[in-house]
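Working notes, structure below.
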Amino acid sequence: MPDTGLNWGAWAAMQKGAGDWSADAIADNGTETGDETSLDGVAACEVGIAAVEDNTGAIDGVVTVYILGTADGTNFEETTQGGPWAFAFTPVQNDTVYKRFSVDPGHFGSFKLAIKNEGGQEIAFTLKYRTATIPLAS
């Protein structure tokens with residue numbers, strides 16, 4: 001039987017400002033948006049987030065993650081307009097919270113991620129992703 005299941009690639013850092021989105025601190029009430037990630041030619045995309053609070057103080061809010069699509073290949077949705085797809089999670093003082101989710105290439109040809117930190121403290125974020133292809137049956 002030929003292999004026609006998902007073949008996952010290695011985890012890679014999401015890009016932000018042409019650099020890796022790795023241990024980047026976002027102040028309370030701050031928002032940062034990453035670079036565009038293309039899903040052209042892939043069957044699946046998984047994203048992982050590590051949110052680290054270093055015991056600066058008590059957590060009193062949430063972190064919101066936005067998946068921003070494009071309507072024309074150039075202009076992307078914004079966090080403050082039109083209600084883009086988003087979810088929230090609560091960070092933990094002096095700990096790391098891990099979140100994972102998938103972005104469906106059937107719905108997004110490319111996307112950007114944005115993070116809004118309303119957790120009450122500065123939090124460091126690392127974002128990684130991996131994609132999968134489906135090989136042709138032989």
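Each reported figure results from applying straightforward, stated rules to the coordinates on display, with no laboratory input. These numbers come from a predicted model, not from an experiment. Note that each Cβ is placed from the backbone with ideal geometry, even for glycine, and that neighbours are counted across all protein chains shown.
Please list the non-local residues whose amide H lies under 5 Å from the amide H of A44, H modeled 1.01 Å from N, same-chain partners needing a gap of 5 or more.
A132
Using a 10 Å cut-off on Cβ atoms, rank the peptides 62-69, 77-84 from the highest mean neighbour count down. Let's see the in-between values first.
Details: 62-69: 19.2, 77-84: 12.8.
Ranking, from highest mean packing down: 62-69, 77-84.
Using θ = phi - 60° and the Karplus form 6.51 cos²θ - 1.76 cosθ + 1.60, what ³J(HN,Hα) does each residue of the range 104-115 get, whole Hz, x for Gly and Pro?
Once θ is set to phi - 60°, the couplings for the range 104-115 become 7, x, x, 10, 10, x, 7, 7, 10, 10, 10, 10 Hz.
Please name whichever of N94, A25, G106 sits farthest to the positive end of the charge dipole of the chain, dipole taken about the Cα centre and charges placed at Cβ: Lys and Arg +1, Asp and Glu -1.
Among N94, A25, G106, the one farthest towards the positive end of the dipole of the chain is G106.
Report, in debye and to the nearest 20, how large the dipole of the chain comes out about its Cα centre when Lys and Arg carry +1 and Asp and Glu carry -1 on their Cβ.
Details: 7 positive and 19 negative charges, 75 e Å.
In total the dipole reaches around 360 debye.
Quick query: amide H of M14 versus all other amide H atoms, modeled in the peptide plane; which residues come in under 5 Å with a sequence gap of 5 or more or a different chain?
W21, L127, K128, Y129
Could you give each residue of the range 39-47 its phi-based ³J(HN,Hα) in whole Hz, using Karplus coefficients 6.51, -1.76, 1.60 with θ = phi - 60°, and x for Gly or Pro?
Result, ordered by residue: 10, 4, x, 10, 9, 7, 9, 10, 10 Hz.
Which net charge results for the neighbourhood of L6, defined as the other residues with beta-carbon distances under 12 angstrom from its beta-carbon, given Lys and Arg at +1 and Asp and Glu at -1?
On the way: positive: R130; negative: D3, E46.
Residues close to L6 contribute a combined charge of -1.
Where Lys and Arg each count +1 and Asp and Glu each count -1, what net charge lies around T33 among other residues with Cβ under 13 Å from its Cβ? Kindly include the intermediate steps, with their values, before the conclusion.
Values: positive: K16, K112, K116; negative: D24, E32, D35, E36, E77, E78.
It works out to a net charge of -3.
Give the aspartates and glutamates whose C-alpha is closer than 14 Å to that of K99, dropping any in the same chain fewer than 8 places away, or say none.
Straight-distance partners of K99: E46.
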